[in-house]
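Let me begin by presenting the structure, written as structure tokens, before commenting on it.
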Amino acid sequence: MSASTAVEAIVESEYEHGFITEIESDTFLPGLDEGVVRAISARKGEPEFLLEYRLRAFRHWQTLATPRWAHVHYPEIDYQAISYFSAPKSQDGPKSLDEIDPALRETYNKLGIPIEEQMALSGIAVDAVFDSVSVATTFRTKLAEAGVIFCAISEAVHDYPDLIKQHLGSVVPHTDNFYAALNAAVFSDGTFVYVPKGVRCPMELSTYFRINARNTGQFERTLIVAEAGSHVSYLEGCTAPMRDENQLHAAVVELIAMDDAEIKYSTVQNWYPGDAQGRGGIYNFVTKRGDCRGARSKISWTQVETGSAITWKYPSCLLRGDDSVGEFYSVAVTKGRQQADTGTKMIHLGRNTRSTIVSKGISAGEGQQTYRGLVRIAAKAQGARNHTQCDSLLIGDRCAANTFPYIEVKNPSAQMEHEATTSKISDDQLFYCRSRGLTTEDSVSMIVNGFCKQVFNQLPMEFAVEAQKLLSISLEGAVG
Amino acid sequence: MLSVKGLKANVGDKEILKGLDLEIGRGEVHAIMGPNGSGKSTLAHVLSGREGYTVTGGSVTFEGQDLLDLEPEARAHLGLFLAFQYPVELPGVNNTYFLKAALNAIRKARGEPELDAVSFLRLMKEKLKVLHLDDSLLKRPVNFGFSGGEKKRNEIFQMAILEPKLAILDETDSGLDIDALRIVADGVNALRSPERSVILVTHYQRLLDYIQPDYVHVLAKGQIIRSGGKELALELEDKGYGWLGAEEAA
Ligand SMILES: Nc1ncnc2c1ncn2[C@@H]1O[C@H](COP(=O)(O)OP(=O)(O)O)[C@@H](O)[C@H]1O
Ligand SMILES: [Mg+2]
């Protein structure tokens, strides 16, 4: 089938590629070919350059094989069995909280999340339920006054096509890896942030007030550009467990920091990890990269990863500008049958570039966790420095933690420090806490939160408190 | 208050406590002395419910309740406190946060209202003053990177905050200089009341110069082989344990 007829077929035909039911009329049938890519672009009314971009990515993706090097195991994904377009306001979610997994609701209640928000998080349509629309409007006005652009990437494509054309794919090219190519071909929506020269963004940009724009789908795309001397802090995700019909998530996040600019990107990821056997959990295959393009620029990644059945994720920094700084602070928890292969890459290209890596891995149950980190010092990167600290905490004896630090140093002036520890919560520590009146669960949660302290300290205050709570809840029952 | 009768306990296959009897009344201070390896720490651990010990005989009641059936935290809720011979480090766990959580866990278990942050802070300030302790202690992670003396003082500080009914101090005096020893003694003396009892496990007569015990017991080879008043401690100082036929364990 030719590409152009495919568009029509998918968009218009009721039979071969038609709509599944009246109610789900905005969801494409499963399958991926050039026609689907064109149809996505057409449905979004995208300019030509973006369609071309998607097609280039798609053609490249077709030449690629699924990466196998990560230390994770899962059944083969059938990419032809996935539907690649679902309109944002699809009605196929649950209709009320009664339809939601009781375990999930219990967690919401423990986190103290109001009913309205619980509904929003579970994917129940909540349009007029609470105040988020007006809150969001107030925020937008304030941001607009500062000149900060914060909008859906699909809007930005129309409103700021030049910025998108200039920056999209400039940090993570579509040729980067299998999932990045797939995302570039079929990305659904995501966030665009632009902070003009010299502007300090007047507030933390959090997804909290994007709650209405939540259904960005499984191929999310985020692009943040910080012009010279600007500063922005972006909070992604939500401590509440997020439910999603789509199993595969392959997001791409690109950050660009010009001279003296600073981007702080914090994530709390709590996707559904699946049932006790790991069935139905989210596969989270993300490509996140920051480009410290300007001199003295700084990009800082902080992540708390507690969800997903499988996580494959390496937020990285390209330290191109002289004296630029990259940071990676991570807490990853795997329990039950969860698997995570995560870490970072710090690529030192500029002179006197500095990077810090602090990774805290916690495994419980049969959780499998791998830290994979690359620090590369290029020949030109005179005076580069890296400090890596990589700690694993094991709870129980059926879980595992692996550490794969890769170091490539091409400049002899580089200063590298690497520390790695693996520990268990000792019986001594547990008994000590319990002898002071704390239950085993509270003791474990206290010890684990202590272990993660360095990372939590990097999170914005309110997020840090939530992250601690989340960690405690996710480790409940981890020690018997 | 505490009644230990014929207590026998094993670690693995090895019998450590071999029929130990001990009666502690309300408001009394008992010193337990004895050679290394005689089972003093084992007794302290068994009383506070540490895993890894098997009680093979005897009974322990605390205020009429069977203590041996209870989890360690339940014993703490009843008012039992152990100052550890080797206090444990909790990296990243703030001392203040830890103590507040502990105190409130105990209060909650007793059906008392939890203390809010302000009242708790006030309580801490007060106790720091009584013990002549520096408040830098509060901001640090529990025992993490503490010197030996600081760890012991932190145990006493915890005791002062938690106000137990029965405190067991396991060689809290070992390795302390004279100033630290005074702090420990002040802490214990401040806690002394007709309502509270203390078991002082110690090696040395020295501590007993500062804390006057009502009774002194000698523990050797898993049994209390001699009990007396504070003059017994002086006698031990003079003659050593050998005099009682209780040589240091091999
Ligand atoms: N966890 C353990 N495993 C094996 N033996 C132990 C253990 N704890 C104590 N013991 C043994 O029990 C005996 C009494 O030890 P302990 O109660 O620590 O003595 P004390 O405190 O009087 O010096 C010693 O012989 C010691 O080696
Ligand atoms: Mg001892």
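The values are calculated or read from the model by the stated rules, or taken from the named source; none is laboratory data. Fair warning: this is a prediction, and the values are worked out from it, not measured in the lab. Backbone-built Cβ (ideal geometry, glycine too); neighbour counts: all protein chains shown. Accessible surface is based on the protein model in full, side chains and every heavy atom, while ligands, DNA and RNA are left aside. Shrake-Rupley method; radii C 1.70, N 1.55, O 1.52, S 1.80 Å.
Taking amide hydrogens as placed 1.01 Å from N in the peptide plane, the amide H of A:Arg385 sits under 5 Å from those of A:Thr353, A:Arg354, A:Ser355, A:Gln415, each at least 5 positions away in sequence or on another chain. The length gained on full extension between B:Lys239 and B:Glu195, counted as 0.36 nm times the residue separation minus their Cα-Cα distance, comes to 12.4 nm. Remark on A:Val253: its backbone amide H falls under 5 Å from those of A:Thr222, A:Thr287, A:Lys288, A:Arg289, a criterion applied only to residues 5 or more positions apart or on other chains, H modelled at 1.01 Å from N.
Within the full protein context, the accessible area of A:Cys452 is estimated at about 0 Å² for a probe radius of 1.4 Å. Full extension of the chain between B:Arg110 and B:Asp177 gives 20.4 nm of extra length, using 0.36 nm per residue less the Cα-Cα distance.
Each Lys or Arg adds one and each Asp or Glu subtracts one; over the other residues with Cβ under 14 Å from the Cβ of A:Leu223, this totals -4.
Going from the isolated chain to the complete set of protein chains, segment B:91-113 loses at least 50 Å² of heavy-atom accessible area (1.4 Å probe) at B:Gly92, B:Phe98.
Based solely on its DSSP helices, what 222 nm [θ] is calculated for chain B when runs of n ≥ 4 H residues each add -39,500 (n - 2.57) and the sum is averaged over all residues, nearest 500 deg cm²/dmol? Estimated from H runs of four or more residues: -11000 deg cm²/dmol. Using a 1.4 Å probe and counting only protein heavy atoms, how much accessible surface gets buried when B and A come together, both sides summed, in Å² to the nearest 100? So the total buried area for this chain pair works out to about 2000 Å².
The string of couplings for segment B:96-112 from the Karplus curve (6.51, -1.76, 1.60, θ = phi - 60°) is 5, 4, 4, 5, 5, 4, 5, 4, 5, 4, 5, 4, 4, 4, 8, x, 8 Hz, one whole number per residue in order, with x for Gly and Pro. Listed values for segment A:353-359 are Karplus-derived 3J(HN,Hα) couplings in whole Hz (6.51 cos²θ - 1.76 cosθ + 1.60, θ = phi - 60°), namely 7, 10, 9, 10, 10, 10, 10, and x replaces Gly and Pro. Counting Lys and Arg as +1 and Asp and Glu as -1 over every other residue whose Cβ lies under 14 Å from the Cβ of B:Ile16, the net charge comes to +4. Using a probe of 1.4 Å on the protein chains alone, the accessible area found for B:Leu244 is around 40 Å². Less than 11 Å Cβ to Cβ from A:Arg372, Lys/Arg counted +1 and Asp/Glu -1: what total charge do the surrounding residues give? Here the charged neighbours net out to +1. For segment A:433-450, a reduction of at least 30 Å² in accessible area between the chain on its own and the assembled protein chains (probe 1.4 Å) is found at A:Arg434, A:Ser435, A:Arg436, A:Gly437, A:Leu438, A:Met446, A:Gly450.
With the simple spin-label model, which puts each label point 7 Å out from Cα in the Cβ direction, the B:Asp209 to B:Lys125 separation comes to 3.6 nm. For chain B, the longest principal axis of the alpha carbon atoms and the long axis of helix B:117-131 meet at an angle near 50°. Separation of segment A:415-457 and segment B:80-102, taken as the distance between their Cα centroids, equals 12 angstrom. Solvent-accessible surface of protein heavy atoms, probed at 1.4 angstrom with all chains present, puts B:Asp13, A:Asp397 in the order B:Asp13, A:Asp397, largest first. Taking amide H atoms as placed 1.01 Å from N in the peptide plane, the amide H of B:Phe144 lies under 5 Å from those of B:Leu90, each 5 or more residues away in sequence or on another chain.
Each residue of segment A:251-266 is assigned a 3J(HN,Hα), and the resulting list reads 8, 10, 10, 10, 10, 10, 10, 8, 3, 6, 7, 9, 10, 10, 10, 10 Hz, derived from the Karplus form 6.51 cos²θ - 1.76 cosθ + 1.60 (θ = phi - 60°), x at Gly and Pro. Legend: mean number of C-beta atoms from other chains within 10 angstrom of residue C-beta atoms, peptide A:418-430, equals 2. Computed with every protein chain present, the accessible area of B:Thr96 is close to 30 Å² [probe 1.4 Å]. For the options B:Ser193, B:Ser119, B:Ser48, a Gaussian network treatment of chain B with springs between C-alpha atoms closer than 10 Å singles out B:Ser119 as fluctuating the most.
Please arrange A:Tyr283, B:Tyr86, B:Tyr210, B:Tyr204 by accessible surface area, largest first, computed with a 1.4 Å probe and ligands excluded.
On the way: A:Tyr283 25, B:Tyr86 170, B:Tyr210 65, B:Tyr204 105 Å².
I get B:Tyr86, B:Tyr204, B:Tyr210, A:Tyr283, largest accessible area first.
Label sites at B:Glu231 and B:Ser3, each approximated as a point 7 angstrom past Cα along Cα to Cβ, lie 3.0 nm apart. Among A:Lys469/B:Lys100; A:Lys424/B:Lys129; A:Lys345/A:Lys380, which pairs are too far apart, with a Cα-Cα distance over 25 Å? In this structure, A:Lys424/B:Lys129 exceed 25 Å between Cα atoms.
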